[in-house]
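Working notes, beginning with the structure itself.
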Amino acid sequence: GEYFVKIWHAYQNIYCLTNKGSIFAGGYNGYGQLGVGDTTDRYNIVKIPAFGPNATHSGNSAKVIGFHVGNGGDGYGNYHHCFAIIEDGTLFSWGHNGNGALGIGNTTNQTRPQEVTAVGNCIMVQSSYLTTFAVDSSRNLYVCGYNANGILAGQTSATNQTTF
């Protein structure tokens, strides 16, 4: 059977990874952070349809091997965004996209997982309220989001970096 092997809690949300690479989510969904295609809150956990043993991406298995939920920064902790790495190293992101922290080229919130095409063979991802960092299998570091105080390892800029 399928069972939970890891659980994350982020303020008003819960995310659960199963032994078969599925992700389940529940709670507040005002920015699409549950990844199910809408912004309706869920009071029970639901499976994110993009991932798991029967899901595929470009013909490859979409079993999740890594997951990260970024903290909210609105004072209430609601601005969550999520990242999943599947078996082939493809990175997906969804949820709150303030300052381009999802790395998909825009600042529009996403209610379904979107492929992050700028990072291939992803092995690690970490995000905060407005900034995200990813590492590929060659140990290259990718950054996106808000560049206040030069956090993206460059000159300080008020310009959003919406792609890695």
Once you've got the GNM for the chain with C-alpha springs shorter than 10 Å, pick whichever of ASN71, ASN121, ASN54 has the biggest mean-square fluctuation. ASN54
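Work out, step by step, the length gained on full extension between ILE14 and ARG139: first 0.36 nm times the residue separation, then minus their alpha carbon distance; give nm to one decimal.
Result: 42.0 nm gained on full extension.
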Sorted by chain and number, the residues with a modelled amide H under 5 Å from that of LEU91, at a separation of 5 or more or across chains, are VAL116, CYS122
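Tell me, what does the Kirkwood hydrodynamic radius of the chain come to in angstroms if you use every pair of distinct C-alpha atoms? Can you show the working numbers first?
Values: mean 1/r = 0.0642 Å⁻¹.
Across the chain, the inverse of the average 1/r is 15.6 Å.
How big is the dipole moment of the chain about its Cα centre under a simple scheme where the beta carbon of each Lys and Arg is +1, that of each Asp and Glu is -1, and everything else is neutral? Debye, nearest 20, please.
With only Lys, Arg, Asp and Glu charged at Cβ, the dipole is about 180 debye.
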With x for Gly and Pro, the residue-by-residue ³J(HN,Hα) of segment 65-72, computed from phi through the Karplus equation 6.51 cos²θ - 1.76 cosθ + 1.60 at θ = phi - 60° and given in whole Hz, is 10, x, 9, 8, 10, x, 6, x
So who's got an amide H within less than 5 Å of the one on TYR79, skipping anything under 5 residues away but keeping other chains? H placed 1.01 Å off N, in plane. GLY72, GLY73, ASP74
Using θ = phi - 60° and the Karplus curve 6.51 cos²θ - 1.76 cosθ + 1.60, what whole-Hz ³J(HN,Hα) does each residue of segment 82-90 get, with Gly and Pro shown as x? 10, 9, 10, 10, 9, 3, 8, x, 6
Under Karplus coefficients 6.51, -1.76 and 1.60, residue-wise ³J(HN,Hα) of segment 116-127 in Hz, glycine/proline x: 8, 6, 6, 10, x, 6, 5, 10, 7, 8, 8, 9
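Would you work out the relative contact order for segment 37-122, in percent, from Cα pairs under 8 angstrom that are 6 or more residues apart?
Values: 156 pairs, mean separation 18.1, N = 86.
Contact order relative to length: 21 percent.
Please compute the contact order of the chain in relative form: average sequence separation of alpha-carbon pairs under 8 Å and at least six residues apart, divided by the residue count, as a percent. Provide the component values of the computation, followed by the final result.
Details: 459 pairs, mean separation 26.5, N = 164.
The normalised contact order for the chain reaches 16 percent.
Could you report segment 40-150's accessible area per residue, 1.4 Å probe, as an integer in Å²? Provide the component values of the computation, followed by the final result.
Numbers: 4980 Å² over 111 residues.
That works out to 45 Å² for each residue.
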Checking ALA50, ALA118, ALA25 against a Gaussian network model of the chain (alpha-carbon springs below 10 Å), the top fluctuating residue turns out to be ALA118
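Given a Förster distance of 22 Å, report the FRET efficiency between TYR3 and THR56 from their Cβ-Cβ distance, rounded to the nearest 0.05. All intermediate terms of the calculation are to be shown ahead of the outcome.
Details: r = 22 Å, r/R0 = 1.01.
Calculated value: 0.50.
The values are calculated or read from the model by the stated rules, or taken from the named source; none is laboratory data. What you see is a predicted model, and the numbers here were worked out from it, not measured in a lab. Positions of Cβ are generated from backbone atoms using ideal geometry, with glycine treated the same way; all protein chains shown enter the neighbour counts. The area values use the complete protein model at the heavy-atom level, side chains included, leaving out ligands, DNA and RNA. Shrake-Rupley method; radii C 1.70, N 1.55, O 1.52, S 1.80 Å.
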